[in-house]
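Structure provided below as C-alpha cells; questions to follow.
The values are calculated or read from the model by the stated rules, or taken from the named source; none is laboratory data. Please read these numbers as outputs of a predicted model, since none were measured by experiment. Please note: Cβ atoms are built from the backbone with ideal geometry, for glycine as well, and neighbour counts cover all protein chains shown. Areas reflect the complete protein model, heavy atoms only, side chains present, ligands, DNA and RNA absent. Shrake-Rupley method; radii C 1.70, N 1.55, O 1.52, S 1.80 Å.
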Amino acid sequence: MNKQSLLILGSTGSIGTQTLDIVREHPDKLEVFAITAHTNWETLAKQINEFHPTYALLVDETHFSRLRDAVTHTDTGLLCGKEKMNDLVTAEEVDTVINSLVGFSGFRPSIAALSAGKKVALANKESLVVGGELLAPYLNGNYDRLIPIDSEHSAILQCLVGEELRNIEKLIITASGGPFRTWSRKQLRQATVRDALKHPNWDMGAKITIDSATMMNKGLEVIEAHWLFGLPLERIEAVVHPQSIVHSMVLFHDGSIKAQMGLPDMRLPIQYALSFPDRWPLPSRQIDWSKAQELTFEPVDLERFPCFDLALQAIDAGGYAPAVLNASNEVAVERFLKEEISYIQVSEIVAKSLSHIRNTDTLSVESLEAVDREARAYARII
Ligand code: MG
C-alpha cells in the first residue's frame, strides 16, 4: 500500500506536534513530505532531523540561518518566506494537507489545497468560519475532502458513518464551559489572562484556550458545523458538558441520539482525519469503568458568554459578518493576552466591530481579505 504523504502546516504547534506523534505510531501508513513553522526554528530543526521531510518551510525569515545551522539531515530542502507555502500545498507529492495554522492565515492554504484536489485535515476552523461559503462547493456532501480535526466535528462525523443526512434532526455540540463556567458576571469583570489560560480539560494553544474561556470557540464551532454538515443554524445546538467525555452528539428523526465518547485526547480526531473511514489502533488512556462516573449537561448561559451569541448573530447575518467576527476576535484575544484590555472587553470589541463594518461586495477571497484587514484595523483602535 502506498503511504499517505502529508504536508503539515504549523508542525511546531499543539496539533502539529501531535500529528507527528501519529506519524511515529504508523510509519507504515504515513510519511511526511513537508512541514512548516512560523517562527519556531528550534522545534522545526528537531522535526527535520527526526522525520526527514523532503521540504521544510520557515515562514519568518529572521532565524533562517539558525535553522540551517541546526539541521543535520541535509537531504531536506529548506525554504523560507510565506509565498513558498502555496507551492507546497499544491505539490503533486502531497496527498493530505493538515492545516493547523492559527486564525485567518489558514484560509488561503485551505482553499488552495481543496482546489488542487488534496484531502484537507482541518484544525483551522477559522477557514470555514470566514470562508465557508467559498469552501462549501468543494465539499459535495462527502466527508472525504475536508475532514475536521476539531474534536466535536470529528465526533459528529463518527456518529454519521452509515447514516443518511436526511435522517438528521439536530447536531448537538458539547462544550466544556471553559475555566469560567461557574464564574458570576461580577467575577468575570476581574478575570485575568492567567485565569483564562487555565483550561480544565484540554491542553491547547493560547488563542483557542482564550476562545474557550469566552466561549467564542463554541460559536465558531457552530458555524464550522453549519458549513461542514450543511445544516441550518436552528438545527445545531450547543450544550455545556464539563467532563468533556461526550465529544458531541447527533439526534435523528426517530428520537435516537448517537454520541461519540472518550477521554479528551486530540490525537484521536487527528488520527481519525487521516484514517477515515478506517480506524487504526492508538494507545491511549481509557475511562476506568470500575469507578463511578458522572456525566452532566447544562445549557449555555448567553448572558455570561456573549461571544457565543455574537457568533450565532454573525452566521445568521451571513455575508462578511463571520469574517468581521473572526478578525475582531483575533485582535481582541491578542490584546487581552497582552493585558491591554480586560476579559469582558473581548466581547465588546467584537460586538462593536460587527455593527460598524458593513460590506456588500460579492464574496471572494480578495474581498474577504480586505474585510479582514479593515476589521483588524478597527478592532485595534477601539
Ligand atoms: Mg473543538
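The rows are residues; the columns are (1) surrounded by 21 or more Cβ atoms within 10 Å (Cβ to Cβ); (2) over 18 Å from GLY106 (Cα atoms); (3) not β-branched (Val, Ile, Thr).
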| position | (1), (2), (3) |
| --- | --- |
| LEU157 | yes, yes, yes |
| ALA175 | yes, yes, yes |
| GLN190 | no, yes, yes |
| LEU197 | no, yes, yes |
| TRP202 | no, yes, yes |
| SER212 | yes, yes, yes |
| ASN217 | yes, no, yes |
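Then there's this: Please verify whether THR54 is open to solvent by 40 Å² or more (accessible area, probe 1.4 Å) and hydroxyl-bearing (Ser, Thr, Tyr), treating the condition exactly as stated.
Values: open to solvent by 40 Å² or more (accessible area, probe 1.4 Å): yes; hydroxyl-bearing (Ser, Thr, Tyr): yes.
Taking the combined requirement at face value, the residue satisfies it.
Out of (1) within 28 Å of LYS207 (Cα to Cα); (2) open to solvent by 60 Å² or more (accessible area, probe 1.4 Å); (3) hydroxyl-bearing (Ser, Thr, Tyr), the odd one out for THR72 is which?
The single condition THR72 does not satisfy is (1).
Here is a yes/no grid of residues against (1) open to solvent by 20 Å² or more (accessible area, probe 1.4 Å); (2) within 25 Å of THR182 (Cα to Cα); (3) charged (D, E, K, R):
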position	(1), (2), (3)
GLN293	yes, yes, no
ALA327	no, no, no
VAL333	no, yes, no
ALA379	no, no, no
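Let me ask another. Tell me whether the stretch 188-198 contains one or more residues that are in contact with a strand residue (DSSP E or B) (Cβ under 7 Å, 6 or more places away or on another chain) and charged (D, E, K, R).
Initial filter on the stretch 188-198 (in contact with a strand residue (DSSP E or B) (Cβ under 7 Å, 6 or more places away or on another chain)): none.
Taking every residue of the stretch 188-198 in turn, none turns out to be in contact with a strand residue (DSSP E or B) (Cβ under 7 Å, 6 or more places away or on another chain) and charged (D, E, K, R).
Among the residues of the stretch 338-377, count how many are open to solvent by 60 Å² or more (accessible area, probe 1.4 Å) and on the phi < 0 side of the Ramachandran plot.
The number of residues fulfilling the criteria is 14.
If you don't mind, there's one more thing I want to ask. Here are the criteria: (1) touching a residue at least 24 places away in the same chain (Cβ under 8 Å); (2) over 23 Å from GLY106 (Cα atoms). Tell me which single one LEU6 does not satisfy.
(2)
Something else about it: So in the stretch 272-291, with the set limited to residues that are surrounded by 10 or more Cβ atoms within 10 Å (Cβ to Cβ) and among the small types (Gly, Ala, Ser), which one is nearest to the chain's Cα centre (by Cα)? Steps first, answer last, please.
Going residue by residue through the stretch 272-291, those that are surrounded by 10 or more Cβ atoms within 10 Å (Cβ to Cβ) are 272-277, 279-280, 282, 284, 287.
Going one step further and asking which of them are among the small types (Gly, Ala, Ser), we end up with 273, 275, 284.
On the way: ALA273: 13, SER275: 18, SER284: 22 Å.
Per the stated criteria, the residue is ALA273.
Then there's this: Is it true that GLY132 is under 15 Å from the mean Cα position of the chain (by Cα), open to solvent by less than 10 Å² (accessible area, probe 1.4 Å) and over 23 Å from GLY16 (Cβ atoms)?
Yes.
Could you list, ordered by first residue, the pairs with Cβ atoms under 8 Å in which the first is in the stretch 270-283 and farther than 14 Å from GLN4 by Cα and the second is of a type in the set (Phe, Trp, Tyr) and surrounded by 12 or more Cβ atoms within 10 Å (Cβ to Cβ), at least 6 apart or interchain?
From residues that are farther than 14 Å from GLN4 by Cα, the pairs are ARG279/TYR272.
Report, by residue number, each residue of the stretch 24-51 that is over 15 Å from HIS73 (Cβ atoms), open to solvent by 10 Å² or more (accessible area, probe 1.4 Å) and either in contact with a Lys or Arg (Cβ under 7 Å, 6 or more places away or on another chain) or of a type in the set (Val, Ile, Thr) (or both).
Within the stretch 24-51, LYS29, THR39 meet the criteria.
Specify which of the listed residues (GLY141, GLY162) is outside the structural domain of LEU233 (by TED's automatic domain parsing), open to solvent by 40 Å² or more (accessible area, probe 1.4 Å) and either over 13 Å from LEU251 (Cα atoms) or touching a Pro at 6+ places or on another chain (Cβ under 6 Å) (or both).
Sole residue among the options that is outside the structural domain of LEU233 (by TED's automatic domain parsing), open to solvent by 40 Å² or more (accessible area, probe 1.4 Å) and either over 13 Å from LEU251 (Cα atoms) or touching a Pro at 6+ places or on another chain (Cβ under 6 Å) (or both): GLY141.
If I filter the stretch 79-98 down to residues being among the charged types (D, E, K, R) and at pLDDT 95 or above, which single residue comes out as farthest from LEU274 (Cα to Cα)? Walk me through how you get there before you give the answer.
Filtering the stretch 79-98 down to residues among the charged types (D, E, K, R) leaves 82-84, 87, 92-93, 95.
After this cut, where a residue has to be at pLDDT 95 or above as well, the list is 84, 87, 92-93, 95.
Numbers: LYS84: 24, ASP87: 22, GLU92: 18, GLU93: 16, ASP95: 10 Å.
In this case the residue turns out to be LYS84.
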